[in-house]
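S.K.: Take a look at this one; I'll ask things after.
The values are calculated or read from the model by the stated rules, or taken from the named source; none is laboratory data. None of the values given here were measured: they were computed from a predicted structure. Note: ideal-geometry Cβ built from the backbone for every residue, glycine included; neighbour counts use all protein chains shown. Surface areas here come from the heavy atoms of the whole protein model, side chains and all, with no ligands, DNA or RNA. Shrake-Rupley method; radii C 1.70, N 1.55, O 1.52, S 1.80 Å.
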Amino acid sequence: MATVPKIVDRSQRRREIAEALLRLIAREGIETVSVRTVAAEAGLSAGAVQKYFSTRDELFHFAFDLTGEYIEQRWNRTPRDHLLTMLRTLVAEALPLDDQRRAEVIVILAFTARAAVLPDWAGHLREGYEFMRAQTADFLGQAQHQGHVRDDLDAGKLADVVAALTDGFAQHLLQAPPGSDLHRRLLGSLELALTELLTPRTAE
């Protein structure tokens, strides 16, 4: 009897390979990433990986998109309660507070570095940031309407500042061992910055 070839879901296999890249980065760092090492992490041959990603850059490109998808999924699972409290939770989902999120931040930073010299990568990065900014601005607008966030500043401008705070603290937290004084100080400073920025202003 002839053997029936196994049908491989191409999109699922690409995700599995990108997830292997994230695990590898979280454990060993970005300098270890190559088609060969990612293939080993995924339990595949280098040739098999190259059927889905012909270059390391193509793999990073896909992994960058996947990080945005993961962040959005975590946002969608966040309980809808007091919107300012919820926003703090959403910001935390983009910080390197566990191996998964740490790997995601490293991939985003690597993509950003490449985008500085590659116009097509820069355009893709801008699209991703504009989507996240629009989502954040919409959320802040709802929070302003409900009185949970200050309404004396434009929601879009607030979204820009929240994004800058998140990105900046994410980079610093990569260098702060969990549980260290630096780690606690950075998280406390971020909480202070968000509170000072977003808390509704009382009338004088």
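S.K.: Per residue of segment 40-50, in order, report the coupling 6.51 cos²θ - 1.76 cosθ + 1.60 (Karplus, θ = phi - 60°) as ³J(HN,Hα) in whole Hz, putting x for Gly and Pro.
M.R.: Rounded to whole hertz, the list is 4, 5, 7, x, 10, 7, 4, x, 5, 5, 5.
S.K.: Which of the trypsin sites (Lys or Arg not before Pro) found in segment 126-203 are loop residues per DSSP with 14 or fewer other Cβ atoms within 10 Å of their Cβ?
M.R.: Values: sites: 126, 133, 150, 157, 184, 185, 201; in loops: 150, 201.
Listed in order of number, the matching sites are 201.
S.K.: Okay, next question. For the pair residue 13 and residue 45, how long in nm is the line joining their label points, each one 7 Å along Cα→Cβ?
M.R.: Spacing of the two 7 Å Cα→Cβ label points: 1.2 nm.
S.K.: Quick one: with all protein chains in place, what share of the accessible area of segment 1-147 is carbon or sulfur, to the nearest percent (1.4 Å probe)?
M.R.: Values: 4410 of 8140 Å².
Heavy-atom surface of segment 1-147 belonging to carbon and sulfur, 1.4 Å probe: 54 percent.
S.K.: Oh, and also: Between [x] 145; [y] 154; [z] 120, which matches volume of the Cα convex hull per residue in Å³ calculated for the structure shown?
M.R.: Evaluating volume of the Cα convex hull per residue in Å³ on these atoms matches [y].
S.K.: Let me ask something else. Quick one: which residues, 5+ away or cross-chain, put their amide H under 5 Å from the amide H of residue 97? H built at 1.01 Å from N.
M.R.: 102
S.K.: What accessible area per residue comes out for the chain, rounded to a whole number of Å², with a 1.4 Å probe? Don't skip to the end; give the middle numbers.
M.R.: Numbers: 11540 Å² over 204 residues.
Result: 57 Å² per residue.
S.K.: For the chain, what does the helix formula give at 222 nm: sum of -39500 (n - 2.57) over DSSP H segments with n ≥ 4, over the residue count, nearest 500 deg cm²/dmol?
M.R.: Values: 9 runs with 145 residues, N = 204.
Rounded to the nearest 500, the figure is -23500 deg cm²/dmol.
S.K.: Residue separation times 0.36 nm, minus the C-alpha to C-alpha distance between residue 116 and residue 192: what's the value? The partial results should precede the final answer.
M.R.: Working: separation 76, 0.36 × 76 = 27.36 nm, distance 3.11 nm.
So the extension gain works out to 24.2 nm.
S.K.: How far, in nm, would the chain grow between residue 62 and residue 130 when pulled straight, counting 0.36 nm per residue and subtracting the alpha carbon separation? Intermediate values should be presented prior to the final figure.
M.R.: Values: separation 68, 0.36 × 68 = 24.48 nm, distance 1.81 nm.
The residue 62-residue 130 span can extend by a further 22.7 nm.
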